[in-house]
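S.K.: Attaching a single structure in structure tokens format; questions to follow.
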Amino acid sequence: MAGTILVGTSSWADPGFVKEWYPPKMAARERLPWYAQRFRYVELNSSFYAVPDRTTVHKWVEETPDDFVFDVKAHRLLSRHSAPLESLPPELRDGARTTGRGRVQLTPELEIALAERLVEETAPLAEAGKLGAYLVQLTPAFSPGRHRLEELDGLVAALKPHRVAVELRNRGWVSDERREDTLSWFADCDVVFVDVDAPPDDHFSIMPSGLDAVTADGLAYLRLHGRNADGYLKGKTVAERFGWRYDDKELEEVADRVRGLAEQAGEVHVAFNNNRGDDAPTAAQRFRSLLGQAPAGEEQLSL
């Protein structure tokens, strides 16, 4: 039997969604329940910028159906992105070292402490059976010329036994001479390799769309970044970088890939990250229809 396919977006609170997709003047507290009536799955994006508070996470659990799933983005420092000191939990700031520009320097000790704090604060999701995976979205600067995947071993261990998915943003990791070793590390560590639908360009920061790897039996993961190469490489805002309105033919292509992934994994997460206006939720809803999935919560709405 094919695996379960969960479709959603890479946030539920994106400014474009608020402006163009949610009903006008909808209160912020009403958005997640409204979203969860239409999808069973979402990526938590705010955790990339700051570790969420456990009380807030518990509210998210209460506001969503029992079968709703969250994938949680790891803090940007854990993903090897630049992070200001104030992005850390207050109790981790005193011992943190910073650069002359005020950016936090990641140490093994801080990495473990921050990862453990993320797990602790998002525990209500795991306790409710709503935690999908922790998503580590690496910076393109994490390149095979300067780094080794084994540098992530400590982070993976700190996030386990929960599922961990890693999105590489430097295509050098999957070049012909490195692809086998890269995928072997993912499989050996039981880490989910994040597949992408990305612009058709061979720039080092754009991962190839033709690679559909399943490195963990339980979960396959596909993130859709749109297909605007010029915007992806030169855009200054999220909307400029990832804006793309998928047409029916493109969604059919993605559906074929997703069905193939579902033959290899028990569950497939499909996250639309084409965040410009209502591009992502609209495409995700069309994609669910293409797969023959009724809107989440449709029975409750009809009742």
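S.K.: Got a sec? Which of Leu78, Leu155 is open to solvent by less than 10 Å² (accessible area, probe 1.4 Å), in a loop (DSSP other than H, G, I, E, B) and in contact with an Asp or Glu (Cβ under 8 Å, 6 or more places away or on another chain)?
M.R.: Details: Leu155 fails: in a loop (DSSP other than H, G, I, E, B).
The match here is Leu78.
S.K.: To continue, here is another question. Provide a single number: the residues in the range 1-36 that are open to solvent by less than 10 Å² (accessible area, probe 1.4 Å), more than 18 Å from Arg276 (Cβ to Cβ) and not in a helix (DSSP H, G or I).
M.R.: Going through the range 1-36 one residue at a time, the tally reaches 2.
S.K.: Glu299 - would you say it is more than 20 Å from the chain's Cα centre (by Cα), at pLDDT 95 or above and surrounded by fewer than 15 Cβ atoms within 10 Å (Cβ to Cβ)?
M.R.: Numbers: more than 20 Å from the chain's Cα centre (by Cα): yes; at pLDDT 95 or above: no; surrounded by fewer than 15 Cβ atoms within 10 Å (Cβ to Cβ): yes.
So Glu299 fails the test.
S.K.: Taking the range 98-112 only, how many residues are open to solvent by 70 Å² or more (accessible area, probe 1.4 Å) and either at pLDDT below 95 or aromatic (Phe, Trp, Tyr) (or both)?
M.R.: Of the residues in the range 98-112, the ones open to solvent by 70 Å² or more (accessible area, probe 1.4 Å) are 100-101, 103, 105, 108-109.
From what's left, either at pLDDT below 95 or aromatic (Phe, Trp, Tyr) (or both): 100-101.
Counting residues in the range 98-112 that are open to solvent by 70 Å² or more (accessible area, probe 1.4 Å) and either at pLDDT below 95 or aromatic (Phe, Trp, Tyr) (or both) gives 2.
S.K.: Then there's this: Residue by residue through the range 37-60, note down the ones that are open to solvent by less than 20 Å² (accessible area, probe 1.4 Å), within 24 Å of Ala294 (Cβ to Cβ) and out of contact with any Asp or Glu (no Cβ under 7 Å at 6 or more places or on another chain).
M.R.: Once the filter is applied, which keeps residues that are open to solvent by less than 20 Å² (accessible area, probe 1.4 Å), within 24 Å of Ala294 (Cβ to Cβ) and out of contact with any Asp or Glu (no Cβ under 7 Å at 6 or more places or on another chain), the range 37-60 yields Phe39, Tyr41, Val42.
S.K.: Does the range 85-106 include one or more residues that are of a type in the set (Val, Ile, Thr) and part of a loop (DSSP other than H, G, I, E, B)?
M.R.: As a first pass, look at the range 85-106 and keep what is of a type in the set (Val, Ile, Thr): 98-99, 104.
Pick out the ones that are also part of a loop (DSSP other than H, G, I, E, B) and you get 99.
Looking through the range 85-106, at least one residue is of a type in the set (Val, Ile, Thr) and part of a loop (DSSP other than H, G, I, E, B).
S.K.: Please find, within the range 127-151, the residue that is nearest to Phe70 (Cα to Cα) out of those that are in a loop (DSSP other than H, G, I, E, B) and among the hydroxyl-bearing types (Ser, Thr, Tyr). Break it down into steps so the answer makes sense when it comes.
M.R.: Here is the first cut: in the range 127-151, the residues in a loop (DSSP other than H, G, I, E, B) are 128-130, 138-148.
From what is left, the residues that are among the hydroxyl-bearing types (Ser, Thr, Tyr) are 139, 143.
On the way: Thr139: 22, Ser143: 28 Å.
So the residue we want is Thr139.
S.K.: Among what's in the range 258-282 and is outside any helix (DSSP H, G or I) and of a type in the set (S, T, N, Q), pick the residue that is farthest from Val7 (Cα to Cα). If you could, list the steps in order and put the result at the bottom.
M.R.: At the first step, the residues of the range 258-282 found to be outside any helix (DSSP H, G or I) are 263-278.
In the following step, the residues that additionally are of a type in the set (S, T, N, Q) were identified as 264, 273-275.
Numbers: Gln264: 17, Asn273: 11, Asn274: 13, Asn275: 15 Å.
Ranking the qualifying residues of the range 258-282, first place goes to Gln264.
S.K.: Could you check the range 212-257 and list, in sequence order, the residues that are open to solvent by 50 Å² or more (accessible area, probe 1.4 Å), part of a helix (DSSP H, G or I) and in contact with a Gly (Cβ under 6 Å, 6 or more places away or on another chain)?
M.R.: Answer for the range 212-257, where residues must be open to solvent by 50 Å² or more (accessible area, probe 1.4 Å), part of a helix (DSSP H, G or I) and in contact with a Gly (Cβ under 6 Å, 6 or more places away or on another chain): Glu240, Arg241.
The values are calculated or read from the model by the stated rules, or taken from the named source; none is laboratory data. Given the structure is predicted, the values throughout are model-derived calculations rather than measurements. Note that we place each Cβ from the backbone using ideal geometry, even for glycine, and neighbour counts take in every protein chain shown. Remember, those area values only see protein heavy atoms, side chains included, never the ligands or the DNA or RNA. Shrake-Rupley method; radii C 1.70, N 1.55, O 1.52, S 1.80 Å.
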